[in-house]
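The values are calculated or read from the model by the stated rules, or taken from the named source; none is laboratory data. These numbers were taken from a predicted model, which means no experiment stands behind them. Virtual Cβ from ideal backbone geometry, glycine too; neighbours counted across all protein chains shown.
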Amino acid sequence: MSSGFIKEKIKDRPVNKKKLIVRFFTTVFLAAVFGVVAAVCFYYTMRSMETVRGEEKPQEINLSSEESISSDEAVSEDEAGEADGNTELQEYQKEEKTEPRKTVINNITNKVLMTPESYEKLYASLHETAEEAARSIVTVTGSVSNTDWFDNTYENSSNGAGLIIAQSDKELMILTAKNITDGAEKVSVSFVNGETVDARIVKADANTGLETVGVSLDDISSKTKEIIETAKLGSSGGSLVGTPVIAIGNPFGIRGSEGYGLVTSSSEEEQMTDMNTHLITTDIYGSANASGVLINYSGRVMGIITTRYGEEDTKNIITAYSISDMRALLERLANDRDAIYMGIYGTDVTDEAAKDLGIPKGAYVTSTIAGSPAMASGIQSGDVIVEMGDRQISNFADYSRALGQLKPDEDVNVTVQRYSRGEYQEMKLEATVTSKE
């Protein structure tokens with residue numbers, strides 16, 4: 001009996017084109033629906049985000065106005081007419097705005113009305129600012145011993161305010177007036193909490209009459225170190241007229257006294273040897289022996305009080321050196337560096353002088369001191385210094401900064417523009433600077 005294998009052939013199921021077409025169009029339709037839904041969702045989402053952003057913009061504007069509002073609110077808490085002011089504002093919003101300016105002005109006028117209690121709060125706040133800034137104020141005393149007709153020893157002393165301007169790893173550096181320690185056998189510093197320690201004279205500046213004294217950190221108690229702080233220096237560039245300031249330190253000849261007022265002028269420039277500084281005058285009437293600093297309402301130092309430039313009819317008006325012009329000097333004094341001396345008095349070339357007279361921009365030399373390095377190098381009055389070494393000079397402050405970067409007995413190339421035969425011509429000179437106490 002014979003046997004055989006059964007052979008089978010499995011065939012693929014025939015493609016159902018109709019179902020395939022239906023599936024294809026179904027997928028396309030669903031994709032289209034999904035796309036439409038996604039587009040609608042995206043559209044409304046973006047509109048919602050734009051709405052939120054639109055709401056955030058006024059908030060950014062209010063950040064600055066909130067400070068003004070909070071200030072007004074602090075005052076208006078005690079105003080008797082606060083409710084009336086709010087009522088007027090609501091009435092104004094309902095009006096057709098026929099006279100908007102008049103209504104707004106009336107509302108503002110009501111808002112700034114202050115009671116005696118409001119003034120008390122205002123001045124209490126100013127006193128807190130002054131008190132906080134006074135943590136960097138000290139009293140510097142210079143003492144000398146003398147004997148009377150009967151050989152009894154007594155001590156003469158003078159004192160004035162000082163400002164903590166820097167701290168090294170070993171000392172506090174304090175800025176004060178040089179006349180306080182002139183001829184003193186002993187110098188001491190009293191901090192805001194009354195602690196008194198010995199100090200040493202570090203460096204003086206003949207131009208401004210300022211000097212630094214140093215106090216060893218080891219001599220200061222830990223309690224005092226927690227209280228005192230280095231002064232925060234502000235910026236006093238540009239016009240400051242109308243800026244409210246506080247005089248602290250010793251403005252009325254009494255330790256810890258305070259004066260409040262406004263800046264009346266900041267444009268007057270005092271020409272000194274190789275540097276200039278603007279004088280800040282105020283309407284604060286102080287002592288002929290005033291000392292200390294001017295601070296703004298943020299507690300930052302705007303000027304160093306000086307009594308060297310008072311006019312006869314305004315000699316008791318508080319005047320200060322602009323702190324922006326003093327920064328380089330303070331750094332030099334704090335680092336016990338001698339002044340670099342060239343011997344030039346000068347000023348800036350104004351835009352008007354440059355345009356109308358054709359004077360090049362730079363440091364204009366008004367005069368040179370006889371026997372100075374400047375005179376020895378050939379620099380003359382009327383010259384305009386436009387370059388020192390590799391530094392471009394566009395004003396007298398640039399010249400002072402460039403000079404301060406040099407070392408005693410260093411040679412420096414000075415490029416000047418000198419008027420000759422109807423025009424300015426460039427000249428290159430060489431000067432050897434020296435040091436000056």
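Which of the residues that make up segment 174-189 are under 15 Å from Ala206 (Cβ atoms) and part of a loop (DSSP other than H, G, I, E, B)? Result: Thr181, Asp182.
Under the condition of being basic (Lys, Arg) and either assigned by TED's automatic domain parsing to the domain that holds Lys203 or assigned to a helix (DSSP H, G or I) (or both), the residues counted in segment 393-435 number 1.
Of the strands (runs of 3 or more DSSP E) lying entirely inside segment 235-353, the ones with 1 or more residues being touching a Leu at 6+ places or on another chain (Cβ under 7 Å) and either on the phi < 0 side of the Ramachandran plot or surrounded by fewer than 15 Cβ atoms within 10 Å (Cβ to Cβ) (or both) are found at 244-250, 257-265, 269-272, 275-285, 291-295, 301-306, 317-322, 339-341. Among the conditions (1) in contact with a Pro (Cβ under 6 Å, 6 or more places away or on another chain); (2) surrounded by fewer than 19 Cβ atoms within 10 Å (Cβ to Cβ), the only one that Ser221 does not satisfy is (1).
Within segment 168-194, restricting attention to residues that are touching a helix residue (DSSP H, G or I) at 6+ places or on another chain (Cβ under 9 Å) and crowded, with 17+ Cβ neighbours inside 10 Å, the residue that is farthest from Asp218 (Cα to Cα) is Leu175.
Among residues of segment 418-437 that are touching a residue at least 60 places away in the same chain (Cβ under 8 Å) and closer than 19 Å to Ala402 by Cα, those with a Cβ under 7 angstrom from a residue that is loosely packed, with under 15 Cβ neighbours inside 10 Å and of a type outside the set (Asp, Glu), sequence gap 6+ or separate chain, pair up as Val433/Pro408; Thr434/Pro408; Ser435/Pro408; Glu437/Ala206. Val386 passes every criterion in (1) surrounded by fewer than 21 Cβ atoms within 10 Å (Cβ to Cβ); (2) at pLDDT 95 or above apart from (1).
Checking each residue in segment 112-151 for being aromatic (Phe, Trp, Tyr) and either in contact (Cβ under 8 Å) with a residue 12 or more places away in the chain or in a loop (DSSP other than H, G, I, E, B) (or both) picks out Tyr123, Trp149, Phe150. Scan segment 137-156 for residues that are under 41 Å from the mean Cα position of the chain (by Cα) and at positive phi and jot them down. The answer is none; no residue qualifies.
One line per residue, one yes/no per condition, for (1) farther than 13 Å from Ile174 by Cα; (2) among the hydroxyl-bearing types (Ser, Thr, Tyr):
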| residue | (1), (2) |
| --- | --- |
| Ser188 | no, yes |
| Ala206 | yes, no |
| Leu217 | no, no |
| Ser221 | yes, yes |
| Val241 | yes, no |
| Ala247 | yes, no |
| Ser257 | yes, yes |
| Gly261 | yes, no |
| Glu270 | yes, no |
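Filtered by the rule that a residue be of a type in the set (A, V, I, L, M, F, W, C), closer than 25 Å to Ala370 by Cα and touching a Lys or Arg at 6+ places or on another chain (Cβ under 9 Å), segment 313-346 gives Ala339, Ile340. Considering (1) hydroxyl-bearing (Ser, Thr, Tyr); (2) farther than 24 Å from Thr181 by Cα; (3) at pLDDT 95 or above, the lone condition that Ser239 does not fulfil carries the number (3). Taking every residue in segment 182-207 that is of a type in the set (Phe, Trp, Tyr) and pairing it with any residue that is surrounded by 15 or more Cβ atoms within 10 Å (Cβ to Cβ), at least 6 positions away or on another chain, the pairs with Cβ-Cβ distances below 6 Å are Phe191/Val138; Phe191/Thr224; Phe191/Ile228.
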